[in-house]
Amino acid sequence: MRGRDTGRFVLIAMAAVVFGALESVLKGSGSGVRDGIGNLSAPWVILPLLAAAAGRRRILFGAAIGLLTTMTALIAFYFTNAFVLDLGAHTTLHDIGLTLNVGNLWFKAGIVSGPVMGAAGAWVTRRGRFAVAASVAGIVLAEPLAVYLAFLASNGRFAAGNGQWNSVYLGEAVVGAVAACALARGWLIRR
């Protein structure tokens, strides 16, 4: 690995640590809108996509960057949770063990989603900046739609946040729609 790649790995890992820690602090230990924002999935799949998009456009390299980014962010998230959440009268080391264990499902999911989104980021980068930006806007726009369709398919049994996050998903949909419109407008004007 060349020095430039090593530096890129270090910067991406540092950005993933900051992202994971900030997500944990943002989510906090309460409920409501803050909890809803902290539970959005889109940022977690956008992170490895963008990390790989900053890479060398090689699919395998992108997959490796995606895995590194996702795992690093998850470790930072659950490590920070040990200090953000009130887990009772335990030692700090015990609290860290508790939070990392709770994240077990998400670590398993990240082993799949990180490389897939990293490879997607490397692939979409070959198509230019517009394609990367359109992918990000699409992901942000798709999450609220996916949650709504899951709600409909479950006859109302699936309700993320028991409906208290509806404003969060609505806000996410608006952000995605505005980003998609801005991208389309910029793309149409340049053509």
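The values are calculated or read from the model by the stated rules, or taken from the named source; none is laboratory data. For clarity, every value in this text was computed on a predicted model and none was experimentally measured. For neighbour counting, all protein chains shown are included, and Cβ atoms are generated from backbone atoms with ideal geometry for every residue, glycine included. Surface areas here come from the heavy atoms of the whole protein model, side chains and all, with no ligands, DNA or RNA. Shrake-Rupley method; radii C 1.70, N 1.55, O 1.52, S 1.80 Å.
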How would Lys27, Lys108 line up by accessible area, probe 1.4 Å, largest first? Lys108, Lys27
The correct pair for region 1-66, radius of gyration to one decimal and Dmax as a whole number, both in Å and from Cα atoms, is 14.4, 46
Tell me the per residue accessible area of region 1-80 using a 1.4 Å probe; a whole number in Å² is fine. 48
Given a Förster radius of 30 Å and the C-beta distance between Leu11 and Leu170 as r, what FRET efficiency does 1/(1 + (r/R0)^6) yield to the nearest 0.05? 0.30
Alpha carbon convex hull of region 29-150, volume per residue in cubic angstrom: 113
Between Ala153 and Ala177, how many nm apart are label points set 7 Å from Cα along the C-beta direction? 2.3
Extending each Cα 7 Å along its Cβ direction at Arg126 and Ile111, get the distance between those two points in nm, one decimal. 2.8
Label-point separation, Val18 to Asn101 (7 Å along Cα→Cβ), nm: 3.3
If you count, for each residue, the other Cβ atoms within 10 Å and average over each peptide, how do 109-117, 123-131 line up from highest to lowest? 109-117, 123-131
